[in-house]
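The values are calculated or read from the model by the stated rules, or taken from the named source; none is laboratory data. Predicted model, so just to flag it, every value in this text is computed and none were measured. Reconstructed Cβ throughout: ideal geometry from the backbone, glycine too, with neighbour counts over all protein chains shown.
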Amino acid sequence: MKKIDNATVQRILDAADIVEVVSDFVALKKRGANYVGLCPFHNDRSPSFYVSKSKGMCKCFSCGEGGSPVSFIMKLEQLSFTEALRYLAKKYNIEIEEREMTDEERRAENDRENMFALNDFAMRYFEKTLKETADGRDIGLSYFRYRGISDAMIEKFHLGYALEGRDALYKTAIERGYSEQYLISTGVCNRTDDGRVYDRFRGRVIYPIFTLAGKVVAFGGRTLSSEKKIAKYVNSPESDIYLKRRELYGLFQAKQAIAKAQKCILVEGYMDVISMHQAGVCNVVASSGTALTVEQVRLIKRFTSNVTLIYDSDAAGIKASLRGIELLLQDDMDIKVLLLPEGEDPDSFAQSHSSSEVEAYISEHETDFISFMASILMDGAASNPTKRAEVITRVVKTIALIPDEIKRSVYAQECSRILFMDEDVLRREIGKYYNEFRLKSREEQQRAEVFTGGSPVAQTGGPADGSGSDGEPGPTQPAAQQPAGVSRHVRFLRTYEMNIARLIAKYGNYAFADGIDDDGNAVPMTVLEYIEADLAADEISFVNPDLAHFFAEARRLSRYSWDADLARRREELE
């Protein structure tokens, strides 16, 4: 195995433009001399990720992540330094010059790189099989032709075919020098209990799944057999490089179109995505038949906050997928829903309509999610008071997930009209559930902090999400861990007390302002003295026992030992 030489590394570093690199993953907007967007490293509700073209650096002023183009790629895609350099070299068409690696360097190469390499080989193998073998052309290519898929789309999505043979891919990979270990760990092959290895996807058309950076992490395989005992779809198992909840099919091919259109269209299957792209509607991705996850929502939000979900007319499937809408709402996304005509799905609809017709249909028929949700759930429940009450409660709980108060108010009005309910009643119920969700979210955050041993302040170096940049606690800032049975009042105040304690710990003995002594003379006041005087003037004291103890100890140390300690340290330094 070889290593990139230093001269090539320098050429890559010189060519890499931080704005161009970050723009592949984050929708950026110009703001003065810099660019800003939603941070890809945490759940960013408002843009806090800044990119400086002149400095060649990026940084999130909320979570603190950032760095150079190489470190950005390393952190975001979980790549090694070498892998990140290869990514950038490919982006900027730089030919890599290599030298032989030492034994130590060879041992340092991790399993992830080998697994990615194996997946890339498998993808090329499946593509070649589709185009250059008789079975590939007669079975796999014929299937894609039957489904109306063009050569351009076959190339764009790297579609392929796996031969029926038990171990055709396995034998070819071993002959090419690939390790059986990675054939198994990526899930390209399986091993039986008696030790025999066989190809997982044999006899299937292949849909490679890419990361946002364009690396192959997994495959989906569809059988063309009519036997009912054979699973229609087989997918790669989760591995060190593939977690299903973190990937969206087609996002690599769609990310630029999503950022340009400022809308992401979400469908269900591989063919839905491919046919929509072929029709010229390229801002389309799929959750691949699984329920939408938080990680997938955040992937979409890197490029846009506007999502349109397309459904066929299967009411049962629609009701089952409403959980995905709730996740989108919770992340403050703007959601619309589109029902296709009876008997149509995104694949068939895109195949039978032009690009302009598809876009026009979406524009004219997409519906606000509240109207859609209410009408779907109320179907068959309007004449049953119990079911009607359940539907109203479900809709109210969903509205309560929305972080923005104005949006909640607008949806309350709309819901009142649709469900024939008093708006004030709905507002009270929405407010009740909103407070419950906030409290639950805080408690989950507290448990996470206890598990990780961190805190909002300790982890970010500043206030937790929901606070202002000046350190003032915001209404959604999670409280720190509290013992069971502590009142909501104490729990609420803890966030504010934690921020005061942070200021005291960092700046307590710094001179801050001038105060007036008993004789009317101006005397310097420290930050701690100023806070103490301000709290005393308003007759405010700490209500959390541990923070009250911290405050008292800080006062004691400042008054009785600070000057002596400072003098001693200065003497030691001198």
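Screening ASP193 with (1) in a strand (DSSP E or B); (2) out of contact with any Pro (no Cβ under 9 Å at 6 or more places or on another chain) gives one miss only, at (1).
Taking the options ASN93, ASN119, name whichever one is under 29 Å from ALA152 (Cβ atoms), modelled with pLDDT of 85 or more, polar (S, T, N, Q) and not in a loop (DSSP other than H, G, I, E, B).
Residue meeting the stated conditions: ASN119.
Just checking, does segment 320-340 include any residue being modelled with pLDDT of 85 or more, assigned to a helix (DSSP H, G or I) and of a type in the set (Asp, Glu)? No, there is no match, as no residue in segment 320-340 is modelled with pLDDT of 85 or more, assigned to a helix (DSSP H, G or I) and of a type in the set (Asp, Glu).
The rows are residues; the columns are (1) of a type in the set (A, V, I, L, M, F, W, C); (2) at pLDDT below 75; (3) in contact with a strand residue (DSSP E or B) (Cβ under 8 Å, 6 or more places away or on another chain).
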position: PHE512; (1), (2), (3): yes, yes, yes
position: ASP518; (1), (2), (3): no, yes, no
position: GLU529; (1), (2), (3): no, no, yes
position: GLU539; (1), (2), (3): no, no, no
position: ASN544; (1), (2), (3): no, no, no
position: ARG556; (1), (2), (3): no, no, no
position: SER561; (1), (2), (3): no, yes, no
position: ASP565; (1), (2), (3): no, yes, no
position: ARG568; (1), (2), (3): no, no, no
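For segment 3-23, a tally of residues being more than 15 Å from SER71 (Cα to Cα) and assigned to a loop (DSSP other than H, G, I, E, B) returns 1.
Would you check if there is a residue in segment 427-442 being assigned to a helix (DSSP H, G or I), without any contact (Cβ under 8 Å) to a residue 12 or more places away in the chain, loosely packed, with under 15 Cβ neighbours inside 10 Å and among the hydrophobic types (A, V, I, L, M, F, W, C)? Checked against the condition, which is being assigned to a helix (DSSP H, G or I), without any contact (Cβ under 8 Å) to a residue 12 or more places away in the chain, loosely packed, with under 15 Cβ neighbours inside 10 Å and among the hydrophobic types (A, V, I, L, M, F, W, C), segment 427-442 yields no hits at all. The conditions of being in contact with a helix residue (DSSP H, G or I) (Cβ under 7 Å, 6 or more places away or on another chain) and not assigned by TED's automatic domain parsing to the domain that holds LYS91 are met by GLU238.
Determine, yes or no, whether VAL294 is over 21 Å from ALA350 (Cβ atoms), of a type in the set (A, V, I, L, M, F, W, C), in contact with a strand residue (DSSP E or B) (Cβ under 7 Å, 6 or more places away or on another chain) and surrounded by fewer than 23 Cβ atoms within 10 Å (Cβ to Cβ). So VAL294 does not fit the description; no. Remark: pairs (first residue in segment 215-233, closer than 30 Å to ILE73 by Cβ; second residue outside any loop (DSSP other than H, G, I, E, B) and of a type in the set (Gly, Ala, Ser); Cβ separation under 9 Å; 6+ apart in sequence or on different chains) = VAL216/ALA122; PHE219/ALA122; PHE219/GLY160. Taking the criterion of being surrounded by fewer than 19 Cβ atoms within 10 Å (Cβ to Cβ) and outside any helix (DSSP H, G or I), the residues of segment 341-364 that qualify are PRO341, GLU342, GLY343, GLU344, SER352, HIS353, SER354. Within the bounds of segment 137-155, is there any residue that is without any contact (Cβ under 8 Å) to a residue 40 or more places away in the chain, of a type in the set (Gly, Ala, Ser) and either surrounded by fewer than 17 Cβ atoms within 10 Å (Cβ to Cβ) or in contact with a strand residue (DSSP E or B) (Cβ under 7 Å, 6 or more places away or on another chain) (or both)? Yes, segment 137-155 contains at least one residue that is without any contact (Cβ under 8 Å) to a residue 40 or more places away in the chain, of a type in the set (Gly, Ala, Ser) and either surrounded by fewer than 17 Cβ atoms within 10 Å (Cβ to Cβ) or in contact with a strand residue (DSSP E or B) (Cβ under 7 Å, 6 or more places away or on another chain) (or both).
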